1. Would you check the accessible area of Phe42, probe 1.4 Å, heavy atoms only, in square angstrom rounded to 10?
2. Please go through the residue pairs Lys15/Lys188; Lys16/Lys199; Lys176/Lys199; Lys16/Lys100; Lys110/Lys199 and name each one whose alpha carbons sit more than 24 Å apart in this structure.
3. Sort Glu40, Glu97, Glu12, Glu270 by accessible area with a 1.4 Å probe, largest first.
4. I'd like the accessible area for Ile242, computed on protein heavy atoms only with a 1.4 Å probe and all protein chains in place. Round to 10 Å², please.
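The values are calculated or read from the model by the stated rules, or taken from the named source; none is laboratory data. Because the structure is predicted, anything quoted here is derived from the model rather than measured. Ligands, DNA and RNA are excluded from the accessible area calculation, which covers all protein heavy atoms including side chains. Shrake-Rupley method; radii C 1.70, N 1.55, O 1.52, S 1.80 Å.
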Amino acid sequence: MFNALFWMFKQENFKKHFVYLLSIYLIFLSISGLLIVINEHFITDYLIQYIILLFVIVFCICPFLCFQGYFWNLTENIIYRQTDISSSNIYNGRVKEIYKIELPEIHTGKFIWRGISSIVASILLCYPLIILVMVSVLYSSEAVSFYDASIMTLLYVILFGLVGLLIPALLWNYAKQDSIFAVWNFSKAVHIMGTYFGKYLWNTILFIVLMFINYCLLSFLTSVLGINSLDVANFPVFKYLIFLILEYAISIYWIYVNAYLLGTIAPPNEG
């Protein structure tokens, strides 16, 4: 658990990468804000206004695509990590395995492209799940006529629980293969989950717990700044910008945590 929270600070170029990701967000946010001001105060032609609005939307989406692409490239590097053995000078039977992880090469275009790819992969991942839900709904009434309703409910909970447990392995496979169709390799996912079940389950539980902690942290932040999500229009602009920057900085940190949890569900020599 503690490795997931602190490993990034040991990386030589972590500060450079953190500043890069934060600056990408600030640059695109600044450009979007400038275009909005120009659009509202200096442009009167409706066609040009719509074109500028389209650019604003694109510039608002780009940082998040870059964010996603960086995450998947980082996860891929963690999956292909090198290992080293550390032990004390006097042999005491304790050997510690140390991971050598390289941060991704900074390439904004590559990150944005992989961010787009990850969205397509996520859609493809949802497709079998949607079919499963539809089939369950269509045949649930017929199944209940043969079996007790409580038994069918329990079976559906177990079925969807097992499918849900496969999702981290499917995402691991996508990160490793960098192929949108890797999310359909269920046999590989079953192999990963079954072979490394202890580590797999532990990392999955940690992910859920840490996401809850992140939610509490953001809730505390909004409370401290006095921000009400239902009254965005009346926020002081400066205070809201501070909140957005802090929220994004926290999100960057969780990139490294989540990438580590996902990338280490299996050992580096897993084929």
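1. 150 Å²
2. The answer is Lys15/Lys188; Lys16/Lys199; Lys110/Lys199.
3. Final ranking, largest accessible area leading: Glu12, Glu40, Glu97, Glu270.
4. The accessible area comes out at roughly 60 Å².
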